[in-house]
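Since the structure comes first, as structure tokens, the remarks are kept for the end.
The values are calculated or read from the model by the stated rules, or taken from the named source; none is laboratory data. Given the structure is predicted, the values throughout are model-derived calculations rather than measurements. Cβ placement follows ideal geometry from the backbone for every residue including glycine, while neighbour counts extend to all protein chains displayed. Remember, those area values only see protein heavy atoms, side chains included, never the ligands or the DNA or RNA. Shrake-Rupley method; radii C 1.70, N 1.55, O 1.52, S 1.80 Å.
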Amino acid sequence: MSFDYLLSRLSLQQIASAFIVLFAIIDVLGSTPIFISLKNNGRPTNALKATLISTALLVGFFYAGDAVLRLFSVDIQSFAVAGSLIILLLSFEMLLDIEIFKYSGPLKEATLIPVVFPLIAGAGSFTTLLSLKAEYASVNILIALVLNMLFVYVVIRGADCVERYVSRTAIYVLRKFFGVILMAIAVKLFTANLTTLIDGLK
């Protein structure tokens, strides 16, 4: 794939849209109290390690996810429809303050569990990446992902400062706002890809 081809696929609108969706899904600001709690309980998070591992997992799934789908004879549009339903449930979590997706794994290492998985590189992030792939150029999604990971590093690294300067009320309001954004994105993904699937059956 040539550099000129990548440049021709660049879209600031797609990068911005993908960034906002991933930002809302990862919700690192909303997880700040968790980072603080882990640190106070003697389980500090290594910001660089968490960011690098999360990025590797997400990029790996972004490229290998298609192969996995082909293995099970599932097309990207079908996955996007299923993914839109997951995103919709995540938006319900954010808007209604309920817990739909729960993790009760046995591992105790804070950087990997629960920071990398499921807070950053969780089912929602994986699903969202492949769902976005049905709508946007890969280069734009990857740029949006890298920008999000840089923000994740800054927030985890300065979790104490974030909690000090960004009130819990502000974080709560931000979470509600992005809950609405996620719901709108879920509806858009669902309708666009369902239409494609229906057209394919004609």
Item checked: Filter result (within 13 Å of VAL115 (Cβ to Cβ) and either among the aromatic types (Phe, Trp, Tyr) or not in a helix (DSSP H, G or I) (or both)) within region 42-59 -> ARG43, PRO44, THR45, ASN46
Next item on the list: Identify, from the list LEU12, LEU71, LEU29, the residue that is surrounded by fewer than 16 Cβ atoms within 10 Å (Cβ to Cβ) and more than 21 Å from ASN193 (Cβ to Cβ).
Entry: LEU12
Next item on the list: Return the pairs, sorted by first residue and then second, in which the second residue is surrounded by fewer than 13 Cβ atoms within 10 Å (Cβ to Cβ), the first residue lies in region 58-86 and is closer than 21 Å to ALA186 by Cβ, the beta carbons are less than 8 Å apart, and the residues are 6+ apart or on different chains.
Entry: GLN77/GLY200
Next item on the list: Please go through region 117-127 and pick out each residue that is outside any helix (DSSP H, G or I) and closer than 16 Å to VAL68 by Cβ.
Entry: ALA121
Margin query: Would you confirm, using the coordinates I've provided, whether ILE156 is at pLDDT 85 or above and either touching a helix residue (DSSP H, G or I) at 6+ places or on another chain (Cβ under 7 Å) or not acidic (Asp, Glu) (or both)?
Written below: yes
Check: What single numbered condition from (1) more than 27 Å from GLU99 (Cβ to Cβ); (2) within 19 Å of the chain's Cα centre (by Cα); (3) modelled with pLDDT under 80 fails to hold for LEU7?
Finding: (2)
Check: Do we have any residue at all in region 83-94 that's open to solvent by less than 40 Å² (accessible area, probe 1.4 Å), at pLDDT 75 or above, part of a loop (DSSP other than H, G, I, E, B) and out of contact with any strand residue (DSSP E or B) (no Cβ under 8 Å at 6 or more places or on another chain)?
Finding: no
Next item on the list: For region 153-198, enumerate the residues that are more than 22 Å from LEU129 (Cβ to Cβ) and more than 22 Å from the chain's Cα centre (by Cα).
Entry: ASP160, CYS161, ARG164, TYR165, SER167, THR169, ILE198
